[in-house]
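The values are calculated or read from the model by the stated rules, or taken from the named source; none is laboratory data. Since the model is a prediction, treat every value here as computed from it, not as a measurement. Neighbour counts are summed over all protein chains in view; Cβ atoms, including those assigned to glycine, are modelled from backbone coordinates with ideal geometry.
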Number of protein chains: 2
Amino acid sequence: MRDAYHEELDAISDNLVEMARFVGSAMGRATTAILDADLKLAESVIEGDDKVDQMHRDLENSAIALLARQQPVATDLRIVVTSLRMSADLERSGDLAQHVAKVARLRFPDSAVPRDLQATILEMGQLAQRLMAKAAEVIITKDVELAMQLEHDDDAMDSLHRNLFRHLMDDRWKHGIETAVDVTLLGRYYERFADHAVSVARRVVYLVTGEHADEFEPEPAPES
Amino acid sequence: MRDAYHEELDAISDNLVEMARFVGSAMGRATTAILDADLKLAESVIEGDDKVDQMHRDLENSAIALLARQQPVATDLRIVVTSLRMSADLERSGDLAQHVAKVARLRFPDSAVPRDLQATILEMGQLAQRLMAKAAEVIITKDVELAMQLEHDDDAMDSLHRNLFRHLMDDRWKHGIETAVDVTLLGRYYERFADHAVSVARRVVYLVTGEHADEFEPEPAPES
């Protein structure tokens with residue numbers, strides 16, 4: 001049987017996994033909303049972000065209560081502090097999904113994404129969602145190998161981001177400035193979302209291996 | 001005389017103030033670098049970010065050591081946890097100053113900012129620096145009134161950000177897509193930097209008044 005301390009810690013971990021799944025799904029739905037110009041879906045993502053914020057606050061309160069009551073030291077203390085940081089990453093990821101949905105809402109009934117970029121945005125959205133699903137799995141399994149996969153996936157995201165910029169900078173760009181601005185921001189939102197998923201996985205790696213995640217802070221794409 | 005616990009807490013607070021001053025100055029210098037197309041200055045900002053990352057790691061380690069050794073509860077515990085969050089805000093602000101400097105480096109020997117937007121970018125850069133200077137002062141003084149001023153300053157930042165977008169979207173925009181992309185990202189970097197300064201001030205307010213800062217999460221400008 002597990003003691004009260006570890007039960008509380010498990011509950012925090014479960015909540016992190018739930019947050020990661022929620023924001024991963026939010027980013028998937030925001031991507032569909034922007035590609036299909038689906039206002040209802042966009043609004044549901046925008047409203048849904050309140051739930052993420054609430055989960056983040058609840059998790060913070062649980063973690064702080066746990067610190068106060070159980071007074072953990074050494075590794076146990078690092079686990080709780082790291083959970084607080086992961087929660088902040090996930091809360092911010094929720095904001096980014098909401099930002100994508102807000103672009104969809106702003107341009108409705110048009111799609112903010114021109115046809116020749118829809119495949120790239122779809123790929124970025126799907127990759128973002130997969131990264132977050134893997135981050136959730138890393139929280140559950142503490143699988144360092146899987147965490148390393150996220151680094152490769154993030155390279156793929158950077159590559160998609162670079163493609164997007166190449167397309168934007170191409171002399172044949174014919175979609176005007178407004179669309180260029182939208183696409184620039186969308187690219188940034190997906191890239192940052194992926195960074196947060198990678199950051200969550202790295203924090204788990206740090207807890208398992210003792211190697212500090214911040215020393216491998218993701219670089220922004222060269223164009224940004 | 002202060003006890004060991006409060007001396008350690010004061011040291012953490014001093015380090016936060018030093019970080020805030022450092023990143024505020026970095027954003028000021030990054031702005032000069034981009035307006036003057038000053039490659040050397042841009043590179044010094046880019047390299048200087050390592051120092052911010054190190055300060056962040058040191059602060060985290062001090063805070064965790066303090067938690068382990070002193071086992072604070074209630075308000076004292078909240079102060080330490082909040083310091084960790086402020087440090088994360090400041091570390092991220094340093095990244096954003098670095099991003100501005102990277103745009104300057106990428107476009108050297110040109111300036112990324114066309115003449116007719118230089119005044120707006122200068123204003124955004126100066127406002128960002130002032131916001132961070134005030135955030136540092138709020139950490140020192142715990143002055144709730146001053147913290148409220150940051151909300152107004154942030155409204156001014158949002159207004160500058162909207163001006164920037166209006167300018168971009170204007171049919172008379174003649175600077176091409178590459179510059180539009182640069183200006184879009186610069187606007188986002190300044191806005192996010194300001195958000196982090198506001199966030200630092202709000203966290204202090206929360207410690208002083210008990211009112212939760214996250215409930216007043218800054219909204220992005222409508223266009224972003």
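Yes/no per residue for (1) surrounded by 20 or more Cβ atoms within 10 Å (Cβ to Cβ); (2) over 18 Å from the mean Cα position of the chain (by Cα); (3) without any contact (Cβ under 8 Å) to a residue 24 or more places away in the chain:
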site	(1), (2), (3)
A:Asp49	yes, no, no
A:Gln54	no, no, yes
A:Asp58	no, yes, no
A:Ala74	no, yes, yes
A:Leu77	no, yes, yes
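Check whether at least one residue in the range B:150-160 is modelled with pLDDT of 95 or more, within 30 Å of A:Leu168 (Cβ to Cβ), buried (at least 23 other Cβ atoms within 10 Å of the Cβ) and within 14 Å of another protein chain (Cβ to nearest Cβ), and report yes or no.
Scanning the range B:150-160, I find no residue that is modelled with pLDDT of 95 or more, within 30 Å of A:Leu168 (Cβ to Cβ), buried (at least 23 other Cβ atoms within 10 Å of the Cβ) and within 14 Å of another protein chain (Cβ to nearest Cβ), so the answer is no.
Please work out which one of (1) part of a helix (DSSP H, G or I); (2) surrounded by fewer than 19 Cβ atoms within 10 Å (Cβ to Cβ) is the condition A:Lys174 fails and give its number.
Just one mismatch for A:Lys174, condition (1).
Listed here are the residues, each with its yes/no results for (1) aromatic (Phe, Trp, Tyr); (2) within 21 Å of B:Arg57 (Cα to Cα); (3) modelled with pLDDT of 95 or more.
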| site | (1), (2), (3) |
| --- | --- |
| A:Glu47 | no, no, yes |
| A:Asp50 | no, no, yes |
| A:Gln54 | no, no, yes |
| A:Gln70 | no, no, no |
| A:Val73 | no, yes, no |
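Using beta carbons and a limit of 8 Å, which pairs, at least six apart or on different chains, have the first residue in the range A:143-155 and under 10 Å from A:Val198 (Cβ atoms) and the second one of a type outside the set (Phe, Trp, Tyr) and outside any helix (DSSP H, G or I)?
As it stands, the answer is A:Asp154/A:Pro218, since those pairs meet every condition given.
For A:Leu106, only one of the following conditions fails: (1) out of contact with any His (no Cβ under 7 Å at 6 or more places or on another chain); (2) crowded, with 24+ Cβ neighbours inside 10 Å; (3) within 14 Å of another protein chain (Cβ to nearest Cβ). What is its number?
(2)
Looking at the range A:77-92, is at least one residue among the charged types (D, E, K, R), within 30 Å of B:Ala63 (Cα to Cα) and in contact with a Leu (Cβ under 7 Å, 6 or more places away or on another chain)?
Going residue by residue through the range A:77-92, those that are among the charged types (D, E, K, R) are A:78, A:85, A:89, A:91-92.
Adding the requirement that they be within 30 Å of B:Ala63 (Cα to Cα) leaves A:78, A:85, A:89, A:91-92.
Checking which are in contact with a Leu (Cβ under 7 Å, 6 or more places away or on another chain) leaves us with A:78.
Yes: the range A:77-92 contains one or more residues that are among the charged types (D, E, K, R), within 30 Å of B:Ala63 (Cα to Cα) and in contact with a Leu (Cβ under 7 Å, 6 or more places away or on another chain).
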